[in-house]
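Presented below is the structure to which this report refers.
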Amino acid sequence: MARAIGLGFGLPEDPKASGTAKPNRDADRRCPGCPIRRMFRPYVESVWLNFMYNGINHLSGHPTADIGARTIWRNLRHGFEWDVNPWTVNQIGHPYQGSNYFTSGRAHGLTFYESTAVAAFGSATWEFIFENNRASLNDLINTTVGGIALGEVMHRLGWLVRNPERSSKGRNEMLALAIDPIGGLARMTSGDSKRVAPKPADMIPTSVKTRGGAGMMWQGRTIDDADGSARPFLNIDVDYGGVRTGKSKVPFGAFGLEFIAGGGSPVSQANVRGRHFGTPFGKDGKAQFSVFQTFDYMTNNAFSFGGQGVEVEVATKHSLSSKTSLWMAATGGSTILGAVDTLIRTPDSSKNPELEGYRPYDYGPTLRFGGVLELQRSDVPIARLTYQGYQLNVVDGTRAFHVLQRAQLDIRIPIVLQISLGMAGEFFFRKAYYWPEGNRTAETSQLRLFAAWSQK
Amino acid sequence: MTGRRLFVVVTLGALLSLAVPASAVAQSESAPTDSQLAPPSPAPLPIKSKLWIVGGGGFSMARAGCATCDRAGVFTNSKGLFFDIGGRVSARVDFGVELMFVRARLETVDPVLTTFILGIAQFRPWLDQGLYLRAGMGVGFAGNGIAGPIGELAPPYSTNALGVTYGLGWVFMRDRRWGVQANFQHHIAAIGELTTVTGASIKNVVGNYWTSGMAIVYR
């Protein structure tokens, strides 16, 4: 049976035909530094990962951890519903769990698209088999789609720090293990971590630019509000592969990562934009058309939003002088399933015991739109004006449209070498159109002062 | 035969039909045929058309539920109709649009029609076999449509629409263009607030529709 299935997937008819106890599988590598291609192992590992997460739930006394044939059959029979997990579990925890399945596929030589099936399989088996509550539609989407975005970023960042051509590379492998745990474990258990081979060509980006900053953040609707609200924060931006230029069809061959920790919550922003398609167009190829897969997570005093989607970007660059240029971009797309905190508490939740675990945020498909104006001096950004909007149509929660908007002005003054002083002013505004409850609004401003560094 | 039994029988039939080609392949491998002994034939001509059209139907089992409804939900046995149109983007992958109609009941006497309009991707793991896997996403709304600021709808209608589908099947090509497929699909519709024929509204409704059926394929 296993042999027949293996043949179907194009595996050798008899792996021990060479007569050696341990067959040489190097022929199953796409390149000398690539992992051995194993079609089934990621699926088996996904099941083991589910056992592990279920065990963690057991140890933490989670009520959904007790499973059996009856819960599995009931879940399969009843299909999908929505769950009431906390915000961070659904918007960060589940995408991270999905990234484990996805990176398992990538770690065993599967392509990006083949690994998406592993993420979907891991997510579906978790929902139907490894939890005793009904399978959750929002979890399926968050885990699968979010897991793909986070997983590919982790996979590529892991390969960025690995140096497989060196014979002593323990520190790099450990750092890569921290970034991409499943990929790192696969390399250690297969012996690839000790193997000297060139890095896979598709894991070498054309460029990597990082920008970081650390400073203080003030939040509030007015200056009085903001007085005394100072909190430290740390931010990191990564441009892997150059998302603004070039012709590419490689999924996540270029991606952007924005991460802000602190400022009132452990993670106040985490955005990923992975390019699936990019091509120059127009006169002299000055304009650029790109298609991105997106992952959004942001919390502030006006709104919390998370979701996974797709967006199109049209961008162009104009020279203002010999050293100064203006980069402009317009974006538009859709978030497959967005989550936004609600401004209204469902009245039934206090009366109906079934709604005890009331979820203070709603779900729905979302339109996204935005634009960027960036002033550059010698190709280094010195000022950037960003606008991003979302329009979420609630399909689970209090019936409403939510319009969320964020405007940001970021100015950097170069001081010495790659160090600069930065200031960022942000304005967050939301309007929720509830019916029949009426419209509600919320807004907040944010000022950040920081020391920044950048590296090409 | 009750509707649910009929659904189970059709599902088993569809699954068995998926197994037939595998056993046929196994049998054909046991003894060499004339074609295997003959010199290798030239590679098949590339398919010029990129068009892909599917139309068919099947037996559906639907379950609608909501946060405040009975936890068991309401099961309905129904029939589903679906049409796909799209194109081949690679030897293994098709992209297209699916239109699906199926009925479900939620605390109302009459089943309510649910319509899906979905973008779908279909993947064939093996070029020489008929197995395909598919997934898609789009809108799925109940009754007479989606309530909005323009115009008024007669109930039943829903307020929102999120549709998701996944499934698998096997295509039996009869010639270069035409074939039939056996399929099993699960459609999920998040239809928001459902206003029933009585005017009452039920919040946060999710419909699950499992369909086993057959379809005609043109590619």
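The values are calculated or read from the model by the stated rules, or taken from the named source; none is laboratory data. Note that the coordinates shown come from a computational prediction; the quantities given were computed from them, not determined experimentally. No Cβ is skipped: glycine too gets one built from the backbone with ideal geometry, and neighbour counts run over all protein chains shown. Calculation scope for accessible area: heavy atoms of the full protein, side chains included, ligands and nucleic acids excluded. Shrake-Rupley method; radii C 1.70, N 1.55, O 1.52, S 1.80 Å.
Numbers for the structure displayed
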| item | result |
| --- | --- |
| Matching entry among B:VAL139, B:VAL197, B:VAL205 (being out of contact with any Phe, Trp or Tyr (no Cβ under 8 Å at 6 or more places or on another chain), at negative phi and within 11 Å of chain A (Cβ to nearest Cβ)) | B:VAL205 |
| Count of segment A:360-403 residues which are open to solvent by 20 Å² or more (accessible area, probe 1.4 Å), within 11 Å of another protein chain (Cβ to nearest Cβ) and in contact with a Pro (Cβ under 9 Å, 6 or more places away or on another chain) | 2 |
| In segment A:433-443, residue surrounded by the fewest Cβ atoms within 10 Å (Cβ to Cβ) [restricted to those that are assigned to a strand (DSSP E or B) and of a type in the set (Phe, Trp, Tyr)] | A:TYR433 |
| Residue in segment A:58-81 that is in contact with a Leu (Cβ under 8 Å, 6 or more places away or on another chain), outside any helix (DSSP H, G or I) and within 14 Å of chain B (Cβ to nearest Cβ) present | yes |
| Out of A:ARG406, A:ARG430, sole residue that is away from chain B (no Cβ under 14 Å), open to solvent by 10 Å² or more (accessible area, probe 1.4 Å) and in contact (Cβ under 8 Å) with a residue 24 or more places away in the chain | A:ARG406 |
| Matching residues in segment A:206-229 - criterion: being open to solvent by 80 Å² or more (accessible area, probe 1.4 Å) and under 30 Å from A:VAL243 (Cα atoms) | A:THR206, A:LYS209 |
| Residue list for segment A:173-205, filter: open to solvent by 40 Å² or more (accessible area, probe 1.4 Å) and more than 27 Å from A:GLY262 (Cβ to Cβ) | A:LEU185, A:MET188, A:THR189, A:SER190, A:LYS194, A:ARG195, A:VAL196, A:PRO198, A:LYS199, A:ALA201, A:ASP202, A:ILE204 |
| Residue among B:TRP178, B:TRP170 that is farther than 20 Å from B:LEU99 by Cβ and in contact (Cβ under 8 Å) with a residue 60 or more places away in the chain | B:TRP170 |
| Matching entry among A:GLN446, A:GLN455, A:GLN418 (being open to solvent by less than 40 Å² (accessible area, probe 1.4 Å) and not hydroxyl-bearing (Ser, Thr, Tyr)) | A:GLN446 |
| Residue list for segment A:41-63, restricted to those being touching a His at 6+ places or on another chain (Cβ under 9 Å) and open to solvent by 40 Å² or more (accessible area, probe 1.4 Å) | A:ARG41, A:GLU45, A:ILE56 |
| Condition met for A:ASN142 (within 14 Å of chain B (Cβ to nearest Cβ), farther than 21 Å from A:MET39 by Cα, touching an Asp or Glu at 6+ places or on another chain (Cβ under 8 Å) and in contact (Cβ under 8 Å) with a residue 60 or more places away in the chain) | no |
| Failed condition for B:PHE83, given (1) modelled with pLDDT of 90 or more; (2) over 30 Å from B:GLY143 (Cα atoms) | (2) |
| Residue in segment B:9-21 that is modelled with pLDDT of 50 or more, surrounded by 12 or more Cβ atoms within 10 Å (Cβ to Cβ) and in a strand (DSSP E or B) present | no |
| Whichever residue in segment A:296-325 is closer than 25 Å to A:ALA149 by Cβ and assigned to a loop (DSSP other than H, G, I, E, B) and, among such residues, is farthest from the chain's Cα centre (by Cα) | A:ALA302 |
| Failed item in (1) at pLDDT 95 or above; (2) more than 14 Å from every other protein chain (Cβ to nearest Cβ); (3) surrounded by 13 or more Cβ atoms within 10 Å (Cβ to Cβ), with A:ASN90 passing the rest | (1) |
| Per-region count, segment A:230-250, residues in a loop (DSSP other than H, G, I, E, B) and either over 20 Å from the mean Cα position of the chain (by Cα) or surrounded by fewer than 21 Cβ atoms within 10 Å (Cβ to Cβ) (or both) | 8 |
| Candidate set from segment B:81-136 (those that are under 13 Å from the mean Cα position of the chain (by Cα) and of a type in the set (Asp, Glu)); member that is farthest from the other protein chains (Cβ to nearest Cβ) | B:ASP84 |
| Long-range neighbours under 6 Å by Cβ, at least six apart or interchain, first residue part of a strand (DSSP E or B) within segment A:373-397, second of a type in the set (S, T, N, Q) | A:GLN376/A:SER325; A:ARG377/A:THR324; A:THR386/A:GLN408; A:GLY389/A:GLN405; A:TYR390/A:THR366; A:LEU392/A:THR366; A:ASN393/B:ASN160; A:ASP396/B:ASN204 |
| Qualifying residue in segment A:145-160 (condition: within 12 Å of chain B (Cβ to nearest Cβ) and either farther than 20 Å from A:VAL208 by Cα or surrounded by fewer than 20 Cβ atoms within 10 Å (Cβ to Cβ) (or both)) | yes |
| One residue from A:ARG377, A:ARG440, A:ARG412, A:ARG406 being at pLDDT 95 or above and not aromatic (Phe, Trp, Tyr) | A:ARG406 |
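Yes/no matrix, rows are residues, columns are (1) over 19 Å from A:HIS78 (Cα atoms); (2) at pLDDT 85 or above; (3) away from chain A (no Cβ under 14 Å); (4) open to solvent by 10 Å² or more (accessible area, probe 1.4 Å):
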position: B:ILE146; (1), (2), (3), (4): yes, no, no, yes
position: B:GLY151; (1), (2), (3), (4): yes, no, yes, yes
position: B:PRO155; (1), (2), (3), (4): yes, yes, yes, yes
position: B:LEU162; (1), (2), (3), (4): no, yes, no, no
position: B:VAL171; (1), (2), (3), (4): yes, yes, yes, yes
position: B:VAL180; (1), (2), (3), (4): yes, yes, yes, yes
position: B:GLN185; (1), (2), (3), (4): no, yes, no, no
position: B:ILE188; (1), (2), (3), (4): no, yes, no, no
position: B:GLY192; (1), (2), (3), (4): no, no, no, no
